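Notes follow the structure.
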Amino acid sequence: MSSRQNNKTLMVVGGLAAAATASLVMWYLTSSSSSAEPEGSTKKPKKLSTDDNGSKSRSAPPITTPTNAAIAGGVVDDEEQTPVVQNKNRNLKHSSLNQGERTLHARIEELDKKGKALFKNKQFLEAAQTFTDALDLIGEYDDSVGTSGLSRQLITLMNNRSAMYEKANLPELALEDCTSILDLEPNHTKARTRKLRILEALQRWYESLVEICAVQLLFMQANRTNIRMGLPTPPPPVPQSKMEEVLAHVVPEQVQKYSTLLNDNTGSSSSSDGTSKRPLPSDYTILQLLKSYTGYNKWKAQAARDGAVSGMTTVDDEDVSQITDDVAAADRATLLLKRGRRHVYDGSYAAAMADFEAGYQLLQQNKKAGDLMEEDGHARLLEWAGMGRHWQYRLDPAVECYEKAVNLEPNNALLLVKQAGVCMDGSLQKEAMTLFETALDIDPQCADALLHRSNLYMIQGKPDQAKRDLEQCVKLHPNHVMARLRLASILAATQEADKARQQLDAAERVEPDSSEVQSYRGELHFTQGEMEQARVQFEKAMKLEPNNPTPYVNAAMAILNTPPSPGSNMQIDAKSAMELLERALSVDPQFMAAYVQLGQLKLGTATQLVEARQVIELYDRALENCRTTEDLKELCSMRILAVAQVEAATMLKMETFNLQ
């Protein structure tokens, strides 16, 4: 069920991706070695290098003001000498300076020209020393920085020296100059671009990511009017692939860190009796998983016949480790099976798992007890113990239970299907497919194998095979609601709206009060661009089942994809969308799609740094509830981006992201 929710939610947020993650669409100047030209050289403006796909990036927009030249993404390669030469008030140059200042400026200009001549002769270290001599003159001047244009000269000379250090393969010295420049002028484009380029060359990936974020924040400031009004903005000169390339180096370390925590919280993968510190999935998620198997009504009927839990608690519940007699162990295991099954019937899943686990451990201690259990009790206890461990995401121990159950019932196709589900959650797709095929060899009409294999096909990006399985499932079992819903989802994605609607109508006839049916109807409207109708259906789904998180998330997506009404200043109703996403998390704290979308939206609309820091806290909460490696990777990526953006804003001395 969770896979369907995640996939469908991602399907309907296509329009949001660009809007909510605007703050993460980074731009970066992928200059060649010629980008290390000293300021003032007369080379023509450079073309940006091609991206990973070989497509040429467009150059930055024309620069109209000095400020925009610094922050709008343009690299100024035209004549930029020291301020003495480039001073706009050149006719006042001598009249506005005293004799000492005129002498100093003349000497600096002379050294600047000498340094550039050395650069042209590829004497990079000598050029760097010459720029250092000029900087020393400024440092020796009593009334230097901040007056008479020397502050501007200081920055320009340091930038030119940094370029020479880079050319001379002295990256640490080049970085030191870049940092000094950016301390004085955070929006200095060339210094920040060079710093980013050097950090990448040194494989200091996280620092590179922070620099990318800093460049993007400056870009957003420069274009804040267009962004606020929803007007076209200059294209970022680097593709998204650049940020993804840097992230690909940063994320693995973080994933490893949280993977260790995840393993610690789910118990040892090699221990059959490892305990889990992680909370169970939501009651709604577990119920939907149980309903996805055709044996749902059969075990419920058996649980009803067994009676209430209160009638099964009179037996002394001493530690099962004290039971050593095989007959007594078999009796107690039977009781634990029945009581655990009744707990599931009542929705008390944690109590059910405790009973199933206790029963399993009892059989492990008394090897002959399983053979003495009533009817198929041994296999059923193993099956339920496997499901409970799967709920806890203790995948290897779950497989252990299912394998033992299959040894008892080798022709039970459903056991193989459930084991395949564990393999899917463990990213063992090949093993899962083999189990599905074996199940269908045993029972070619096994609806469970067809339904769940279709989900595997969708994960593998094979919608045609998934569609074939679902059509076969519906043909064999016309009242299989979940198969019809998933088939409707595929038909909607392939623009077969009428056929999708027919499947939804058939599902609703079987379950007229199903929240899932209404949620799928909303998703169909969404794919047709009918946002208002979609929201109506999502609201119906919420009313029918308030604990279903999917319609809350999809309703939020519908809001964010609804064009702003006239007079609304072209603003989306982000507040309402965030409220819905928060409600989704209140009913299911493990619903990863809600975390991802809420985090992106909060970060994209944050106006204060404190709000961005709250996004990091949100991702931390998500990581505490994360269950799968795939979700872990996505959350780590989002968290790292948020942290990098906050660090970049702090580095830029920004306390607000406000674009007003």
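All other residues with a Cβ under 12 Å from the Cβ of A606 taken together, and with Lys, Arg as +1 and Asp, Glu as -1, what is their net charge?
Local net charge: 0.
Shape of segment 437-487 from its Cα gyration tensor (a ≥ b ≥ c, root eigenvalues): rounded if a/c is under 1.5, otherwise prolate when a/b > b/c, or oblate?
The shape class here is oblate.
Could you give the accessible area per residue of segment 431-553, probe 1.4 Å, as a whole number in Å²?
Per residue, segment 431-553 has an accessible area of 44 Å².
Of the listed peptides 502-510, 478-486, 455-463, what is their order by residue-averaged count of other C-beta atoms within 10 Å, with the highest listed first?
Averaged packing, sorted descending, gives the order 478-486, 502-510, 455-463.
How large is the accessible surface per residue of segment 583-652, computed with a 1.4 Å probe and reported in Å² as a whole number?
With the other protein chains kept in place, segment 583-652 gives 33 Å² per residue.
Rounded to a whole number, what % of the accessible area of segment 127-207 do carbon and sulfur atoms account for, probe 1.4 Å?
The value for segment 127-207 is 48 percent carbon and sulfur by accessible area.
Roughly how many whole Å is it from the C-alpha centroid of segment 571-589 to that of segment 380-442?
Cα centroid to Cα centroid, the span is 36 Å.
Within a Cβ distance under 11 Å of T628, other residues only, what is the Lys/Arg minus Asp/Glu net charge?
-2
On the protein heavy atoms, probe 1.4 angstrom, tell me the percent of accessible surface of segment 434-549 carried by carbon and sulfur.
45 percent
First select every other residue whose beta carbon is under 10 angstrom from the beta carbon of A644; then total the charges, Lys and Arg +1, Asp and Glu -1.
Summing Lys/Arg as +1 and Asp/Glu as -1 gives -2.
P(r) of segment 467-615 in 5 Å steps, Cα pairs, percent per bin?
With 5 Å bins starting at 0, P(r) equals 2, 10, 16, 19, 18, 14, 10, 5, 3, 2, 1, 0.
When you count, for each residue, the other Cβ atoms within 10 Å and take the mean per peptide, how do 221-233, 100-112 rank with the highest first?
100-112, 221-233
With charges set only on the Cβ (+1 for Lys and Arg, -1 for Asp and Glu), what does the dipole of segment 423-537 come to about its Cα centre, in debye to the nearest 20?
Roughly 220 debye, rounded to the nearest 20.
Sort 187-196, 125-134 by the packing proxy (mean of other Cβ within 10 Å over each peptide's residues), most packed first.
The peptides rank, most packed first, as 187-196, 125-134.
Tell me the label-point distance for the pair Q614, E140, using the 7 Å Cα-to-Cβ offset, in nm and rounded to one decimal.
My value for the distance between the label points is 5.6 nm.
Among the aspartates and glutamates, select those whose C-alpha is under 16 Å from the C-alpha of K298, and discard any that sit fewer than 8 residues away in the same chain.
Result set, ordered by chain and number: D306, D346, E375, D376, E383, D448.
The values are calculated or read from the model by the stated rules, or taken from the named source; none is laboratory data. On a predicted model such as this, the values are computed, not experimentally measured, just so you know. Glycine gets a Cβ as well: all are built from the backbone with ideal geometry, and neighbour counts include every protein chain shown. Remember, those area values only see protein heavy atoms, side chains included, never the ligands or the DNA or RNA. Shrake-Rupley method; radii C 1.70, N 1.55, O 1.52, S 1.80 Å.
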